[in-house]
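This report refers to the structure that appears directly beneath it.
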Amino acid sequence: MTSRAHDAKPYIHENYMTVWRQLESLVDRGLVRNIGTSNMTIPKLELVLRDARIKPAVNEMELHPHFQQRELFEYVVARGMVPIGYSPIGSPGRPERDRTPEDTVDVEDPVIVDIGRRRGVHPVSVCLQWAITRGQIPIPFSVKRHNLLANLKTAVSEPLSTTDMAAIAAIGKNCRLIKGQVFLWKDNQSWEDLWDQDGRITPT
Amino acid sequence: MSKAMNRPYPLADDAVDPDHIPRKTLPNGARIPVIGMGTFGSDSVTGDQVAAAVLEAARLGYRHFDCAAVYGNEPLIGASLRTVLESGVKREDLFVTSKLWNNNHGEADVVPSFEKSLRDLGLDYLDLYLVHWPFPTTTPRASM
């Protein structure tokens, strides 16, 4: 894995709100219709929601069957934000720097494969259908026509059954793929420090 | 009048009708399609390939495109979006996102960064603008 960037800085809420007020000014000027956050955690969002004049409309976050982020997902939805899910099929094309031997492969999960077989679709489509049925917006990437079309078709297909949704809810592996290690701001930290895992913002 | 002229855009024969793609309502009433196309080409797909895929995606019925300055391909995607708009797709039917990169968290850098993405994408407004990561970098914009 690539080590951290030497110019990385920690989250400082005051600085984030300086950025956010500039985004609010863009809304005021009619240059952007909605503003949102990405790669956030609950303790950071608590502060932003407390201090923002215009609340974030969305939070974009990594979401796929092996990384469901249930607590953050429910937090985002409960506060009226729409979750947008990146790496919705487990990001098979992610950069080398974001690959580790521990990573798992969503589309090879027996539960996903089995649902796909029963529905007559590729496991990729099952991942996207899970996202849409759950209520997050997946943003899959492909440059291949047949993949683009198959991905889009999941938006007009039958939602997954309650049974299938429950089966997928049980296969979460807390497998974060985009760990963000280049953003670590000092030596001897691990990527977990970026994600405020004990429920408070990691001290600077 | 030809079929192509009757249609707002020459959708492929096997396209999904964009009007059939459900949308979710954002807090201010804006409506976002429940699936979008990501545009990060990672370390294996060129900007030209991504831009060609955006054009193809629009023909297949996509209207929601998730972009970012750091992906390095917004001028190329902008050319594809212009083609889509010139062919008759209404701007209000598109949903285009971009994101502020970490090196532009300085108070004076945010708006110019946004305006660059807006210009690169060839649009006069964006539907959604995100702070890409909550971690700034200290490298000044001029040296990037």
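The values are calculated or read from the model by the stated rules, or taken from the named source; none is laboratory data. If you're wondering where the values come from, they're calculated on a predicted model, not measured in any experiment. Neighbour counts are summed over all protein chains in view; Cβ atoms, including those assigned to glycine, are modelled from backbone coordinates with ideal geometry.
Considering each residue of the stretch A:40-59, count those that are crowded, with 22+ Cβ neighbours inside 10 Å and either farther than 19 Å from A:Gly180 by Cα or not polar (S, T, N, Q) (or both), and give that number.
Residues that pass the stated criteria total 4.
Kindly indicate the residue of the stretch A:72-85 that is within 13 Å of chain B (Cβ to nearest Cβ) and touching a Pro at 6+ places or on another chain (Cβ under 7 Å) and also surrounded by the most Cβ atoms within 10 Å (Cβ to Cβ) among those meeting that condition.
Of everything passing the filter in the stretch A:72-85, A:Gly85 is surrounded by the most Cβ atoms within 10 Å (Cβ to Cβ).
Please give the number of the condition A:Leu149 fails out of (1) within 13 Å of chain B (Cβ to nearest Cβ); (2) without any contact (Cβ under 8 Å) to a residue 12 or more places away in the chain; (3) over 30 Å from B:Arg63 (Cβ atoms); (4) of a type in the set (A, V, I, L, M).
(3)
Search the stretch A:3-26 for residues that are under 21 Å from A:Ile54 (Cβ atoms) and more than 7 Å from chain B (Cβ to nearest Cβ) and pair each with any residue that is of a type in the set (Lys, Arg) and in a loop (DSSP other than H, G, I, E, B) when their beta-carbon atoms are under 8 Å apart and the residues are at least 6 apart or on different chains.
Between residues of the stretch A:3-26 that are under 21 Å from A:Ile54 (Cβ atoms) and more than 7 Å from chain B (Cβ to nearest Cβ) and residues that are of a type in the set (Lys, Arg) and in a loop (DSSP other than H, G, I, E, B), the close pairs are A:Arg21/A:Arg53; A:Glu24/A:Arg53.
Based on this model, can you work out whether A:Gln69 counts as under 30 Å from A:Glu158 (Cα atoms), surrounded by 16 or more Cβ atoms within 10 Å (Cβ to Cβ), of a type outside the set (A, V, I, L, M) and without any contact (Cβ under 8 Å) to a residue 60 or more places away in the chain?
It is true that A:Gln69 is under 30 Å from A:Glu158 (Cα atoms), surrounded by 16 or more Cβ atoms within 10 Å (Cβ to Cβ), of a type outside the set (A, V, I, L, M) and without any contact (Cβ under 8 Å) to a residue 60 or more places away in the chain.
Anything in the stretch B:28-53 that is farther than 16 Å from A:Lys144 by Cβ and more than 7 Å from chain A (Cβ to nearest Cβ)? List them, or say none.
If the condition is that a residue be farther than 16 Å from A:Lys144 by Cβ and more than 7 Å from chain A (Cβ to nearest Cβ), then B:Gly29, B:Arg31, B:Pro33, B:Gly47 are the ones that fit.
Please go through the stretch A:91-108 and give me each residue that is among the hydroxyl-bearing types (Ser, Thr, Tyr) and facing chain B (nearest Cβ under 9 Å), ordered by number.
A:Ser91, the sole residue that qualifies.
What single numbered condition from (1) at pLDDT 95 or above; (2) surrounded by fewer than 24 Cβ atoms within 10 Å (Cβ to Cβ); (3) more than 8 Å from every other protein chain (Cβ to nearest Cβ) fails to hold for B:Glu56?
Going through (1) at pLDDT 95 or above; (2) surrounded by fewer than 24 Cβ atoms within 10 Å (Cβ to Cβ); (3) more than 8 Å from every other protein chain (Cβ to nearest Cβ) one by one, B:Glu56 breaks only (3).
Limited to the stretch B:85-111, what total is found for residues that are touching a helix residue (DSSP H, G or I) at 6+ places or on another chain (Cβ under 8 Å) and either within 10 Å of chain A (Cβ to nearest Cβ) or closer than 21 Å to B:Phe40 by Cβ (or both)?
15
Filter the stretch A:94-144 down to the residues that are under 19 Å from the mean Cα position of the chain (by Cα), at pLDDT 95 or above and farther than 15 Å from A:Pro65 by Cβ and list them by number.
Listed by number, the residues that qualify are A:Ile137, A:Ile139, A:Phe141, A:Ser142.
Looking at this structure, is B:Ala15 part of a loop (DSSP other than H, G, I, E, B), under 18 Å from B:Leu85 (Cα atoms), in contact (Cβ under 8 Å) with a residue 24 or more places away in the chain and hydrophobic (A, V, I, L, M, F, W, C)?
In short, yes.
Checking B:Ile77 against (1) surrounded by 20 or more Cβ atoms within 10 Å (Cβ to Cβ); (2) without any contact (Cβ under 8 Å) to a residue 12 or more places away in the chain, only one condition comes out false. Which one?
(2)
Is one or more of the residues making up the stretch A:48-67 assigned to a loop (DSSP other than H, G, I, E, B), more than 8 Å from chain B (Cβ to nearest Cβ) and among the polar types (S, T, N, Q)?
No, because not a single residue in the stretch A:48-67 is assigned to a loop (DSSP other than H, G, I, E, B), more than 8 Å from chain B (Cβ to nearest Cβ) and among the polar types (S, T, N, Q).
Can you name the number of the only condition in (1) assigned to a loop (DSSP other than H, G, I, E, B); (2) touching a strand residue (DSSP E or B) at 6+ places or on another chain (Cβ under 7 Å); (3) crowded, with 22+ Cβ neighbours inside 10 Å that A:Thr37 fails?
(1)
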